[in-house]
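What follows is one structure encoded as structure tokens, with my remarks underneath.
The values are calculated or read from the model by the stated rules, or taken from the named source; none is laboratory data. Just so we're clear, the structure is a prediction, and the values are computed from it rather than from any experiment. Please note: Cβ atoms are built from the backbone with ideal geometry, for glycine as well, and neighbour counts cover all protein chains shown. With ligands, DNA and RNA removed, areas are computed over all heavy atoms of the protein, side chains included. Shrake-Rupley method; radii C 1.70, N 1.55, O 1.52, S 1.80 Å.
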Amino acid sequence: MKKVDLPKHDIENLTPSPPKRGQGGEVKKVVLAFSGGLDTSYCSIYLAKELGYEVHTLTVNTGGFDENEIKDIEGRALRLGVKSHKTVDETKTYYDKVIRFLIYGNVLKNATYPLSVSAERMSQALAVANYAKGIKADAIAHGSTGAGNDQVRFDMVFQIVAPGLEIITPIRDKKLSREEEVSYLKAHDIAFSAEKAKYSINKGIWGTSVGGKETLNSLGMLPEEAWPTQVTKKGSEEVILGFEKGELVAVNKKKFSYPTAAIQFLQSIAGPYGIGRDIHVGDTIIGIKGRVGFEAAAPVLIIKAHHALEKHVLTKWQLSWKDQLSQFYGNWLHEGQYLDPVMRNIEAYLEDSQQHVTGEVSISLLPYRFQVDGISSPFDLMSSRFGKYGEMNLGWTGDDVKGFTKIFGNQVAIYHQVKAEADRKK
């Protein structure tokens with residue numbers, strides 16, 4: 001992969017660079033993964049004005065943007081002077097290829113984080129790489145910093161899927177502060193609110209991450225105004241989630257044509273309670289600890305409900321092996337290794353394990369918290385036909401248990417007897 005040297009720029013001297021041309025004299029194209037935020041706005045100007053590229057921006061919607069937001073992002077890109085802008089909706093693909101396996105596996109990184117950003121980066125990176133190849137671009141650019149995981153995720157996918165293209169990363173390579181980026185845009189007559197730039201927000205169907213000065217240190221919580229969804233609901237309400245073979249298909253008995261619509265509907269109900277807010281602390285791919293805030297009401301509720309249902313319908317060893325494989329799957333996905341073929345192997349197991357994960361889960365929603373009240377399923381293994389735990393059994397007798405415990409503990413009993421005899425001979 002050819003390294004791109006990024007010249008330092010001087011805000012006081014903004015003379016545009018000449019267009020960067022290929023061997024045939026045509027202006028070189030770069031595809032910029034564009035969210036419309038501060039970093040990618042900076043990149044769009046820098047790539048054109050200082051590096052001389054023809055800039056084509058691509059926004060990959062993974063369920064976090066509505067129609068108005070998409071129009072705003074497109075308008076922003078065009079005002080920045082890009083050659084072209086396109087939006088692709090990867091929400092369904094993102095669910096099919098990633099989210100459903102996170103649900104099957106009950107994946108919460110460090111028992112907390114539903115991989116809200118790390119998971120969607122795979123869908124975004126793949127879409128950008130394929131688009132760049134489709135328009136015969138010469139380079140791909142992204143706005144990741146040099147301090148986080150996204151730089152590795154994007155770079156690895158681009159290198160694997162589009163190995164012939166240059167990768168340009170102005171924010172990382174120039175080690176820019178957000179204040180420097182705001183000043184640079186202002187010098188190019190691009191208004192960007194310094195107040196708005198205080199927080200970095202990434203929205204997707206599987207949750208929204210929030211980064212700010214409070215998450216740069218080990219102590220501190222994001223203020224109320226930093227959260228994209230404000231708490232407006234009081235009291236409590238019950239929500240019933242309906243699953244079929246591990247997938248969410250109904251909310252409060254309302255059926256949905258596809259799970260993505262069910263997820264978004266649940267988010268609209270639970271988000272205003274402030275459920276699913278937390279700070280994730282984890283180990284980054286590059287070896288440092290990091291903190292990030294997130295709000296993910298629907299993902300957290302779905303995972304907890306799905307896990308409760310599984311505990312009733314799967315056997316002990318199904319659950320045990322699922323836990324081990326799911327933890328690896330979540331960690332490897334978090335570290336950008338989605339394209340590793342072992343991930344397809346694990347997905348096959350996870351999908352097969354869901355054949356009987358069908359039923360309803362009742363949850364009580366309250367401000368900032370929730371409670372799983374129970375499940376109902378035709379595959380519930382906690383059936384009264386076979387006995388009631390702690391009260392009575394219908395499948396065996398007391399004599400059966402006496403014989404079972406004698407055999408079940410026989411090897412350990414032999415060990416202790418042999419050890420005691422050896423100790424006496426010392």
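Before moving on, here are some points about what is shown:
- Other-chain or far-sequence residues with amide H under 5 Å of V251's (modelled H): G242
- Sequentially through segment 125-130, phi angles give Karplus couplings (6.51, -1.76, 1.60; θ = phi - 60°) of 5, 5, 5, 5, 4, 5 Hz, Gly and Pro residues having no value and appearing as x.
- The spacing between segment 165-179 and segment 83-139, judged by their C-alpha centroids, is 21 Å.
- Cα centroid separation - segment 278-305 against segment 326-344, whole Å: 16
- Ligands, DNA and RNA aside, R172 has an accessible area near 60 Å² when probed at 1.4 Å.
- Tilt relative to the chain, helix 150-161 - C-alpha long axis, 0 to 90 degrees, to 10: 80
- The chain has equivalent-ellipsoid semi-axes of 49, 25, 21 Å, by the square roots of 5 times the alpha carbon gyration tensor eigenvalues, sorted largest first.
- Antiparallel DSSP beta bridges within the chain, as percent of all bridges there, nearest 5: 70
- Fluctuation leader among N345, N130, N252 - the chain, Gaussian network, Cα springs under 10 angstrom: N345
- Largest to smallest accessible area among D340, D283 [probe 1.4 Å]: D283, D340
- Out-of-range pairs (alpha-carbon distance over 31 Å; input K203/K304; K203/K289; K198/K253; K133/K213; K198/K254): K198/K253; K133/K213; K198/K254
- Subtracting the Cα-Cα distance of S84 and K402 from 0.36 nm times their residue separation leaves 106.8 nm of extension gain.
- J(HN,Hα) series, segment 271-286, from Karplus relation 6.51 cos²θ - 1.76 cosθ + 1.60, nearest Hz, glycine and proline x: x, x, 7, x, 6, x, 8, 5, 10, 8, 10, x, 8, 7, 4, 8
- Given the chain, longest segment not containing exposed loop GluC sites (Glu not before Pro) (DSSP; at most 16 other Cβ within 10 Å): 196-390
- Seen against the Cα atoms of the chain and their longest principal axis, helix 178-187 is set at about 30 degrees.
- Residue ranking by accessible heavy-atom surface, 1.4 Å probe, largest first, among M221, M382 comes out as M382, M221.
- The angle separating the long axis of helix 410-424 from the principal Cα axis of greatest extent in the chain is about 80 degrees.
- Stretch gain in nm, segment L216-K136, where the contour uses 0.36 nm per residue and the Cα spacing is subtracted: 24.9 nm
- Hz values of 3J(HN,Hα) by residue in segment 242-254 - Karplus curve (6.51, -1.76, 1.60), Gly and Pro given as x: x, 10, 10, 6, x, 9, 6, 10, 8, 10, 6, 6, 7
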